[in-house]
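> Can you keep this structure in mind? I'll have questions shortly.
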Amino acid sequence: MTTLRLMPPRDYRLARDVCSYGYFLLSPNRWTIHEHTLTRALLLGGKPAGVAISQPGAEPMSGGGTELLCRFDRALTKQEIADARIQITRMLRLDEDAAHIRSFHRVDPRWKKLGRGRLFRSPTLFEDVLKTVTSCNVTWPGTVHMNRRLVEVLGKQSPGGLKTFPDPKTIADASPLLLRERCRVGYRDKRIVELGAIFASGDAAITKIEDPATSDDDLHEILLALPGVGPYAAANIMQLLGRYSRLPLDTESVRHGRTILGFRGGSKQIMLRVKRHFEPFGDQAFRSYWFEMWHHYESIHGPAHTWDRDATGTAFTAAKLNAAIKKLGEKTKERKASQASKRAKTAKANLGSAGSSA
DNA sequence: GGTAGACCTGGACGC
DNA sequence: GCGTCCAGGTCTACC
């Protein structure tokens, strides 16, 4: 058994920074709400290894950033340790240091006190792309179910019994029928197989996606050319790559625009208004937008680090969210709408002074 | 360039 | 328990 110790940025809080984006609730990820531990399997050099990541002594939302303990369910080679380090760093966004987060807080100071800034993602780009595609045109429980089935049917099992997210080649070699019938991905079957083939082939476009030198516009075009990726998915994959200038606008954006920002009109009009509302946040627009929504979810369901994966699957349906929002009442809505307008103006002013360091 | 309709699945709801 | 309706973003055909 190997134990890897990682020193995260000094403001890092595992519970807060893992439970910051919905993917922490998707298989193979499992957050244990009592132990504050993230458990999953990683594919290291083609071989599965289970890992449990914890941060002993850390408070969920405050206190000093302490060492991360990564306990594997088998012994790792030197090369596998190096690979694990890369994947965990990507997943937890350990590469976004305290100065990086501060540059976001200068643009949107609302999240400074909570320290919000990092968004959980997957250990690989491929998993992020597939998770995004399985979140399109489906309600949240459907996304939860598809990811669970993909892992159960096509994942590789670690010595400790944990299964990995399927790798590109496994997906490329799978039949669309198997994906449809056993993983319940529906009409996405062929697109998912095509994505597997593109990633497995080492296509030049994939290299450009992760290249920081690729401009946001070029990246957006490359992503739109991927099967199953439209404007929403492209913008979402961009934020997962640390490009926060675009908003993945969907029905949640419309709900947020209507209920929190107090916008009126048809869905298209509201999406446009939400986009314009966050434009003053510039290349931090997504984080401002996301943490505003996330904060709202937490006001309904409690702190994200207390959400149970299985219960959340059914709690996050449109009907239940709408009911909960209604319950929260008009009062909050009016107060926040007025605050939101003030904030956008402040952000516009702050962006001028912080933009160069962001 | 813009728009309508098909694509699937699972939750919600009525009976 | 069963049938029906609805939510959800992308893709393709058509104007």
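The values are calculated or read from the model by the stated rules, or taken from the named source; none is laboratory data. On a predicted model such as this, the values are computed, not experimentally measured, just so you know. Here the Cβ is made from the backbone with ideal geometry for all residues, glycine too, and neighbour counts use every protein chain on show. We work out accessible area using only protein heavy atoms, side chains counted, and drop any ligands, DNA or RNA first. Shrake-Rupley method; radii C 1.70, N 1.55, O 1.52, S 1.80 Å.
> Send over a whole-number figure in Å² for the accessible area per residue of the range A:10-50, probe 1.4 Å.
Values: 1200 Å² over 41 residues.
For the range A:10-50, the per-residue accessible area is 29 Å².
> With all distinct Cα pairs included, what does the Kirkwood hydrodynamic radius of the range A:90-243 come out to in Å, to one decimal, could you say?
When all Cα pairs of the range A:90-243 are included, the Kirkwood radius is 16.8 Å.
> Anyone know which of A:Lys275, A:Lys131, A:Lys113 comes out most mobile in the 10 Å Cα GNM of chain A?
A:Lys113
> Taking the Cα centre of the range A:68-205 as origin, work out the dipole magnitude from +1 charges on Lys and Arg Cβ and -1 charges on Asp and Glu Cβ, in debye rounded to 20. Write down the numbers at each step before the final one.
Numbers: 26 positive and 16 negative charges, 131 e Å.
That gives the range A:68-205 a dipole magnitude of about 640 debye.
> Also: How big is D for the range A:111-191, in µm² s⁻¹ as a whole number, if Stokes-Einstein is applied with the Kirkwood radius of its Cα pairs at 37 °C and 0.692 mPa s?
On the way: Rh = 13.9 Å.
The calculation lands on 237 µm²/s.
> Here's a follow-up. What FRET efficiency comes out for A:Arg264 versus A:Arg110 if R0 is 30 angstrom and r is the Cβ-Cβ distance? Round to the nearest 0.05. Don't skip to the answer; put the middle values down first.
Numbers: r = 24 Å, r/R0 = 0.81.
About 0.80, to the nearest 0.05.
> Here's another thing I want to ask about it. Compute the long axis of helix A:285-301 from its Cα atoms, compare it with the longest principal axis of the Cα atoms of chain A, and write down the angle in degrees, 0 to 90, nearest 10.
Helix A:285-301 and the main axis of chain A meet at about 90 degrees.
> Shifting gears a bit: Normalised by the empirical 2.2 N^0.38 Å for globular proteins, what value does the Cα Rg of chain A take? Don't skip to the end; give the middle numbers.
On the way: Rg = 20.0 Å, N = 358, 2.2 N^0.38 = 20.6 Å.
Ratio of Cα Rg to 2.2 N^0.38 Å: 0.97.
> Keeping all protein chains in place, calculate the accessible area per residue for the range A:150-275 (probe 1.4 angstrom), answer in Å².
Details: 5830 Å² over 126 residues.
So the range A:150-275 comes to 46 Å² accessible per residue, rounded to a whole number.
> If one computes P(r) from the Cα atoms of the range A:1-124, what percent of pairs lie at distances over 16 Å? Write down the numbers at each step before the final one.
Numbers: 4567 of 7626 pairs.
I get 60 percent for the Cα pairs in the range A:1-124 exceeding 16 Å.
> Can you give me the three principal axis dimensions of the range A:204-275 from its C-alpha atoms, in Å, biggest first?
44, 21, 15 Å, listed from the longest principal axis down.
> By how many nm would the segment from A:Ala197 to A:Ala213 grow when fully extended, if each residue of separation counts as 0.36 nm and the alpha-carbon distance is taken off?
Between A:Ala197 and A:Ala213, full extension yields an extra 3.3 nm.
> Scan around A:Leu44 for amide H atoms under 5 Å from its own, H built in the peptide plane at 1.01 Å from N, and keep only partners 5 or more places away or cross-chain.
Amide H neighbours of A:Leu44, under 5 Å, 5+ apart: A:Ala49.
> Where is the GNM fluctuation largest for chain A (alpha-carbon springs, 10 angstrom cutoff): A:Arg85, A:Arg287, A:Arg246?
Looking only at A:Arg85, A:Arg287, A:Arg246, the biggest GNM fluctuation is shown by A:Arg85.
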